[in-house]
Amino acid sequence: MDPHSAFGAPSAWVCRFVPLIRAGGSVLDVAGGGGRHACYLARQGLRVEAVDRDPEALHRQEGIPGVATRVADLENGPWPYAGRRFDAVVVTNYLHRPLFPNLLAAVAADGVLIYETFAAGNERYGRPTNPDFLLQPGELLDLVHGRMRVTAYEDLYAEDPKPAMVQRICAVAT
């Protein structure tokens, strides 16, 4: 059995854009929970920094080659990566708008932002239902406009891994 299967399948959106990340590059996995993306990215030969507020979730990733972990409350504490740049920043199923400037600043020149989370309309399908945790139409496009080149963008209903409204973007820093 694959020792990484316990981490869960990575998002198809993330997998699709991994080839855009510099070979052997550094990746910041933001609010990555139990490590499904950190583990996958490390298996692709990338150096991953996984940050989450849940020490138990991060503990599961300890000892995985290529993965470093950091416990940090990104919503109530200081941004722990001031001045640091990564070849990619990956965010899935997480939204805290005040972090947007920090996330963009963390993407190195020619680096990649891969973002995927719930969008307005998701309240019809389940959690989250709070508008604070749902992207508005075009919100990710507005975020990167004039700062990054959009490689792909979607704002749609998705069935996998569960019925939901999602918004996703892959953009490269210019």
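Our summary gives the stretch 50-99 a relative contact order of 32 percent, counting only alpha carbon pairs under 8 angstrom and 6 or more residues apart.
In this structure His96 has an accessible area near 40 Å², from a 1.4 Å probe over the protein heavy atoms.
Report, for the stretch 23-174, the % of DSSP beta bridges that are antiparallel, rounded to 5. The answer is about 45 percent antiparallel.
On the chain, 52 percent of the accessible area sits on carbon and sulfur atoms, based on a 1.4 Å probe. By the Cα gyration tensor, the stretch 18-108 has an equivalent ellipsoid whose semi-axes, rounded to whole angstrom, run 19, 17, 10 from largest to smallest. Name the shape class, rounded, prolate or oblate, that the alpha-carbon gyration tensor gives for the stretch 48-174, where a ≥ b ≥ c are the square roots of its eigenvalues, rounded holds for a/c under 1.5, and otherwise prolate holds if a/b is larger than b/c and oblate otherwise. It comes out oblate by the Cα gyration axes.
Modelled label positions at Phe100 and Arg84, each set 7 Å beyond Cα in the direction of Cβ, lie 2.4 nm from each other. Annotation for the stretch 72-125: trypsin sites (Lys or Arg not before Pro) lying in DSSP loop with at most 13 further Cβ atoms inside 10 Å of their Cβ are Arg84. Please report the relative contact order for the chain, taking Cα pairs under 8 Å with a sequence separation of at least 6, and give it as a percent rounded to a whole number. RCO, the chain: 18 percent. Label positions at Thr151 and Asp54, each projected 7 Å from the Cα along the C-beta direction, are separated by 2.8 nm. Of Thr69, Thr174, Thr92, the residue with the largest accessible area leads and the full order is Thr174, Thr69, Thr92 (1.4 Å probe). Heavy-atom accessible area, probed at 1.4 angstrom with all protein chains present, ranks Cys170, Cys15 as Cys15, Cys170, highest first.
Compute the accessible area per residue over the chain, keeping the other protein chains in place, probe 1.4 Å, unit Å².
49
The values are calculated or read from the model by the stated rules, or taken from the named source; none is laboratory data. Since the model is a prediction, treat every value here as computed from it, not as a measurement. Cβ sites come from the backbone with ideal geometry, for glycine too, and all protein chains shown count toward neighbours. In case anyone asks, the SASA skips ligands and DNA or RNA and just uses the protein heavy atoms, side chains included. Shrake-Rupley method; radii C 1.70, N 1.55, O 1.52, S 1.80 Å.
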